[in-house]
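Visitor: This is the structure I want to talk about, given as structure tokens.
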Amino acid sequence: AMSKSAVKISSDLLSNPLCEQDAGFLEMVTAFDTAMKRMDAFNQEKVSMAWAAVSPSQIRLSRFSSVFPSLNMAVKRREQTLQDYKRLQSKVEKYEEKERTGPVLAKLHQ
């Protein structure tokens, strides 16, 4: 988008009436316009190359997620176990804060 804006600015400068009055200014703006168009073409080429490199890797990742369903299940089980652990840890902390009576100590030991 930035190189497209630079091309538009150089085109607008080229159509400015000052270019018709001063030959030196016209030459300078023409050189600027040519440089901006070349830069835009170069940037577009690099962007297309980057997209060509990224797109196949995204396809491979989606393909591997279906190849390893057991891995996805293991991750889900781990998350569930972690949530259970946090829930039980908060219960333990709650019982530790309470007065140390027989039933509380039994639940804490449990």
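The values are calculated or read from the model by the stated rules, or taken from the named source; none is laboratory data. Here the structure is a predicted model, which means the values were calculated and not measured. We work out accessible area using only protein heavy atoms, side chains counted, and drop any ligands, DNA or RNA first. Shrake-Rupley method; radii C 1.70, N 1.55, O 1.52, S 1.80 Å.
Visitor: Report, by residue number, each residue of the stretch 15-26 that is open to solvent by less than 80 Å² (accessible area, probe 1.4 Å), of a type outside the set (Phe, Trp, Tyr) and either modelled with pLDDT of 85 or more or not assigned by the TED database to the domain that holds residue 37 (or both). Steps first, answer last, please.
Guide: Going through the stretch 15-26, the residues open to solvent by less than 80 Å² (accessible area, probe 1.4 Å) turn out to be 16, 19, 23-26.
Now drop any that are not of a type outside the set (Phe, Trp, Tyr), which leaves 16, 19, 23-24, 26.
Result: 23, 24, 26.
Table: residues versus (1) modelled with pLDDT of 75 or more; (2) among the hydroxyl-bearing types (Ser, Thr, Tyr); (3) under 28 Å from the mean Cα position of the chain (by Cα).
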| position | (1), (2), (3) |
| --- | --- |
| 45 | yes, no, yes |
| 53 | no, no, yes |
| 75 | yes, no, yes |
| 96 | yes, no, no |
| 106 | yes, no, no |
